[in-house]
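Colleague: One structure coming up, written as structure tokens, with questions to follow.
The values are calculated or read from the model by the stated rules, or taken from the named source; none is laboratory data. Small disclaimer: the values here were computed from a predicted structure and weren't measured. Heads up, the Cβs are rebuilt from the backbone with ideal geometry, glycines too, and the neighbour counts pull from every protein chain shown. Heads up: the accessible areas ignore ligands, DNA and RNA and are worked out on the full protein's heavy atoms, side chains in. Shrake-Rupley method; radii C 1.70, N 1.55, O 1.52, S 1.80 Å.
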Amino acid sequence: MSMIADFYGGKSILITGATGFLGKVLMEKLFRTSPDLRVIYILVRPKAGQTLQQRVFQILNSKLFEKVKEVCPNVHEKIRAISADLNQNDFAISMQDMQELLSYTDIIFHCAATVRFDDHLRHAVQLNVTATQQLLLMASQMPNLEAFIHISTAFSNCNLKHIDEVIYPCPVEPKKIIDSMEWLDDAIIDEITPKLIGDRPNTYTYTKALGEMVVQQESGKLNIAIIRPSIVGATWQEPFPGWVDNINGPTGLIVAAGKGFLRSIRATPMAVADLIPADIVVNLTLAVGWYTAVHRPKSTLIYHCTSGNLNPCNWGKMGIQVLATFEKIPLERAFRRPKADFTTNNVTTQYWNAVSHRAPAIIYDFYLRLTGRKPRMTKLMNRLLRTLSMLEYFINRSWEWSTYNTEMLMSKLSPEDQRVFNFDVRQLNWLEYIENYVLGVKKYLLKEDMAGIPEAKQHLKRLRNIHYLFNTALFLIAWRLLIARSQVARNVWFFIVSFCYKFLSYFRASSTLKV
Ligand SMILES: CCCCCCCCCCCCCCCCCCCCCCCCCCCC(=O)SCCNC(=O)CCNC(=O)[C@H](O)C(C)(C)COP(=O)(O)OP(=O)(O)OC[C@H]1O[C@@H](n2cnc3c(N)ncnc32)[C@H](O)[C@@H]1OP(=O)(O)O
Ligand SMILES: NC(=O)C1=CN([C@@H]2O[C@H](COP(=O)(O)OP(=O)(O)OC[C@H]3O[C@@H](n4cnc5c(N)ncnc54)[C@H](OP(=O)(O)O)[C@@H]3O)[C@@H](O)[C@H]2O)C=CC1
């Protein structure tokens, strides 16, 4: 019997960010392992023309929830979507809904955040700091609350090389930042942003660090824990391997490499690729929820959910395995053959960006224009290059995260819980995981049919022939131009032609003699 699964039975659980990547995997696991839970409240905003109900319906009817429906057929009744916008005061939750949340919630998992690296500081503060503060205030009014679990990121202190499971204060108090965002105009915020974020690379990591400080300062009598996952990737095992449905982090680059857009990337092959599968993060999160509620640690514990110190893999190994998988299982309608390399300095990066990214895009757009279609490749390529420049910080450095609390928790679990809520990253086989990840990108994110693989392979063969043809034509044109302009080139050309002629004459003469 799993103590953790048993613990969530009969509970009312509030999840923010339940429509996001991690939130969905968290909900799925909760329903599958504790189908007798009372209710999961999710704070959802209407989006992209969909009502709350339509959004929930879409999630529950997705492939991810197929197993849940077998174990918990009345899952629709156990999920209660509450209209909320975390950017608004009191989250714009109705009085009635607020009353219900305050009266019944037993556990909170706070996953909602803006994860965009380029978000405006005002918006990032609102969601990652102010909303966290408001949620804590709400939590403090919940009489039944047993635990508040805050999802942060292992990169909230990426300005440090070695990171312990402690909160590192930022120079300016979060309260001052929150206040100033209320009266400063956008232009001034833009001006002070670089000074505020200091040696962090973006507003995301900075505001997640502020969020942690808020959690520490406002914890009061609450039972709180913070989880810091590193780069969350597709699922490893549960509910099935390779599930992923958004293009954040490595996923977008895997798509770009598979479709042949991404040909070179500035990365350090030996740097640690601190990826962590989504199901490991979720298993740890649920175990932390149980431990925090049942054992009530005296202080707020922080748990690093990382792979680097227990089972390291580097970007080089990862890149090679991604490309090897595309050899076997290519994506459909690729722009070019999947073939990419790492560059390590600015000059080579600029060179390969021009030759392998910009030039083919310009040529393709020229072809689209010639055939009366709208050019789009240059725009897409510029977007990719911008994304690459934002991710570069994370793929050219290595960090060390200590994992004492995470390992301590593992040792507290019963053998059954260690199996059902497995977060032991040492058991992960990277090559197998990456292959499943790439497959998952194809199947679940791009929704490509496996039956289309032979056609995709044919398409790659055609691309290879076009590539050879194009290179031969380019060489001949360049050579012809060179001959027209340079005496040396003409002499070389004369030498080659006469050499070939002599060789052929000799060959013909010797074969005639034999006859
Ligand atoms: C030794 C030699 C070996 C040779 C080997 C060669 C190697 C070859 C490489 C092969 C493959 C590579 C694989 C391995 C390398 C992987 C490297 C990965 C690096 C990853 C580092 C991540 C570090 C993360 C650290 C922090 C972790 C966290 O805590 S939080 C989560 C991370 N957050 C993010 O990832 C968000 C980052 N994204 C952004 O900030 C923004 O998207 C952007 C600024 C990058 C781009 O913004 P922009 O406005 O230009 O575009 P946007 O509007 O966002 O999107 C463009 C289109 O995409 C759609 N989109 C966007 N988001 C999503 C989504 N979540 N789901 C679905 N679709 C999405 C969007 O709608 C746009 O579409 P259109 O409207 O149709 O245009
Ligand atoms: N993905 C990763 O690599 C990592 C993620 N994390 C952390 O994990 C958590 C979850 O991340 P992930 O699932 O990847 O992120 P997603 O971007 O997939 O999900 C974000 C969630 O927050 C919700 N949200 C955003 N703004 C609002 C708002 N104004 N009102 C209500 N809800 C809102 C989104 O709702 P909607 O669907 O309406 O947009 C969505 O459900 C975050 O705290 C993140 O910092 C930490 C480390 C790595």
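Colleague: I need a count of the residues in the stretch 289-298 that are out of contact with any helix residue (DSSP H, G or I) (no Cβ under 9 Å at 6 or more places or on another chain), open to solvent by 10 Å² or more (accessible area, probe 1.4 Å) and at pLDDT 95 or above. I'd like the intermediate steps shown before the answer.
Modeller: Just the residues of the stretch 289-298 that are out of contact with any helix residue (DSSP H, G or I) (no Cβ under 9 Å at 6 or more places or on another chain), to begin with: 292, 296, 298.
Filter once more, so that each one left must be open to solvent by 10 Å² or more (accessible area, probe 1.4 Å): 296, 298.
Still in the running and at pLDDT 95 or above: 296.
The qualifying residues number 1.
Colleague: Let me ask something else. Open to solvent by 80 Å² or more (accessible area, probe 1.4 Å) and assigned to a loop (DSSP other than H, G, I, E, B), is that true of LYS502?
Modeller: Values: open to solvent by 80 Å² or more (accessible area, probe 1.4 Å): yes; assigned to a loop (DSSP other than H, G, I, E, B): no.
The answer is no for LYS502.
Colleague: From the list GLU100, GLU70, GLU28, which one is acidic (Asp, Glu) and closer than 22 Å to ILE227 by Cβ?
Modeller: Working: GLU100 fails: closer than 22 Å to ILE227 by Cβ; GLU70 fails: closer than 22 Å to ILE227 by Cβ.
Of GLU100, GLU70, GLU28, the one residue that is acidic (Asp, Glu) and closer than 22 Å to ILE227 by Cβ is GLU28.
Colleague: Next question, about the same structure. Would the stretch 205-227 turn up any residue that is touching a helix residue (DSSP H, G or I) at 6+ places or on another chain (Cβ under 8 Å) and closer than 18 Å to ASN396 by Cβ?
Modeller: Yes - at least one qualifying residue is present in the stretch 205-227.
Colleague: Would you say ILE247 is part of a helix (DSSP H, G or I), touching a residue at least 12 places away in the same chain (Cβ under 8 Å) and farther than 26 Å from LEU137 by Cα?
Modeller: no
Colleague: Can you tell me which residue within the stretch 160-207, out of those that are within 16 Å of ligand 2 (Cβ to nearest atom) and part of a loop (DSSP other than H, G, I, E, B), is most open to solvent (accessible area, probe 1.4 Å)?
Modeller: Going through the qualifying residues, I end up with PRO201.
Colleague: Within the stretch 313-341, count every residue that is over 20 Å from HIS459 (Cα atoms) and either modelled with pLDDT of 95 or more or open to solvent by less than 50 Å² (accessible area, probe 1.4 Å) (or both).
Modeller: Taking the stretch 313-341 as the starting set, the residues that turn out to be over 20 Å from HIS459 (Cα atoms) are 313-321, 341.
Within this subset, residues satisfying the condition of being either modelled with pLDDT of 95 or more or open to solvent by less than 50 Å² (accessible area, probe 1.4 Å) (or both) are 313-321.
Looking only at that region, the number is 9.
Colleague: Being in contact with a Lys or Arg (Cβ under 7 Å, 6 or more places away or on another chain), over 16 Å from PHE21 (Cβ atoms), more than 16 Å from ligand 2 (Cβ to nearest atom) and in contact (Cβ under 8 Å) with a residue 60 or more places away in the chain is true for just one of ALA271, ALA267, ALA256. Which residue is that?
Modeller: Values: ALA267 fails: in contact with a Lys or Arg (Cβ under 7 Å, 6 or more places away or on another chain); ALA256 fails: in contact with a Lys or Arg (Cβ under 7 Å, 6 or more places away or on another chain).
None of the other options fit; the residue is ALA271.
Colleague: Among (1) small (Gly, Ala, Ser); (2) assigned by TED's automatic domain parsing to the domain that holds THR33; (3) not in a helix (DSSP H, G or I), which single condition is GLY260 missing?
Modeller: Among (1) small (Gly, Ala, Ser); (2) assigned by TED's automatic domain parsing to the domain that holds THR33; (3) not in a helix (DSSP H, G or I), GLY260 violates only (2).
Colleague: For residues that are part of a loop (DSSP other than H, G, I, E, B), more than 16 Å from ligand 1 (Cβ to nearest atom) and open to solvent by less than 80 Å² (accessible area, probe 1.4 Å), tally how many sit in the stretch 27-64.
Modeller: If we filter the stretch 27-64 for residues that are part of a loop (DSSP other than H, G, I, E, B), which is where we start, we get 34-38, 45-46, 48-49, 51, 61-62.
Subsequent filtering for residues that are more than 16 Å from ligand 1 (Cβ to nearest atom) retains 34-38, 46, 51, 61.
From what's left, open to solvent by less than 80 Å² (accessible area, probe 1.4 Å): 34-35, 37, 51, 61.
The number of residues fulfilling the criteria is 5.
Colleague: Of the residues that make up the stretch 418-431, is at least one more than 20 Å from ALA278 (Cβ to Cβ) and open to solvent by 20 Å² or more (accessible area, probe 1.4 Å)?
Modeller: Of the stretch 418-431, the ones more than 20 Å from ALA278 (Cβ to Cβ) are none.
No, the conditions are met nowhere in the stretch 418-431.
Colleague: For the stretch 57-80, indicate whether the set of residues that are within 13 Å of ligand 2 (Cβ to nearest atom) and more than 29 Å from the chain's Cα centre (by Cα) is non-empty.
Modeller: no
Colleague: While we're on this one: If you check GLY220 against the conditions, is it within 17 Å of the chain's Cα centre (by Cα) and on the phi > 0 side of the Ramachandran plot?
Modeller: Working: within 17 Å of the chain's Cα centre (by Cα): no; on the phi > 0 side of the Ramachandran plot: yes.
No.
Colleague: Tell me which residues, restricted to the stretch 208-229, are small (Gly, Ala, Ser) and open to solvent by 10 Å² or more (accessible area, probe 1.4 Å).
Modeller: Across the stretch 208-229, the qualifying residues are SER219, GLY220.
Colleague: Taking only the stretch 87-126 into account, find how many residues are under 23 Å from ASP190 (Cβ atoms) and part of a loop (DSSP other than H, G, I, E, B). Break it down stepwise before answering.
Modeller: Our first condition is that a residue be under 23 Å from ASP190 (Cβ atoms); within the stretch 87-126, this holds for 87, 113-126.
Checking the rest, the ones that are also part of a loop (DSSP other than H, G, I, E, B) come to 87, 113-120.
So the answer is 9.
Colleague: Could you say which residue among ALA18, ALA5 is part of a loop (DSSP other than H, G, I, E, B) and in contact (Cβ under 8 Å) with a residue 40 or more places away in the chain? Give the steps one after another, and end with the answer.
Modeller: Values: ALA5 fails: part of a loop (DSSP other than H, G, I, E, B).
So the residue among ALA18, ALA5 that is part of a loop (DSSP other than H, G, I, E, B) and in contact (Cβ under 8 Å) with a residue 40 or more places away in the chain is ALA18.
Colleague: I've got another one for you. Yes or no: the stretch 236-244 includes at least one residue that is assigned to a loop (DSSP other than H, G, I, E, B), open to solvent by 50 Å² or more (accessible area, probe 1.4 Å) and either away from ligand 2 (no atom under 14 Å from the Cβ) or more than 24 Å from SER156 (Cβ to Cβ) (or both).
Modeller: Within the stretch 236-244, the subset assigned to a loop (DSSP other than H, G, I, E, B) is 236-244.
Of the ones still in play, those that are also open to solvent by 50 Å² or more (accessible area, probe 1.4 Å) are 237, 241.
Next, only the ones that are either away from ligand 2 (no atom under 14 Å from the Cβ) or more than 24 Å from SER156 (Cβ to Cβ) (or both) stay: 237, 241.
Within the stretch 236-244, one or more residues are assigned to a loop (DSSP other than H, G, I, E, B), open to solvent by 50 Å² or more (accessible area, probe 1.4 Å) and either away from ligand 2 (no atom under 14 Å from the Cβ) or more than 24 Å from SER156 (Cβ to Cβ) (or both).
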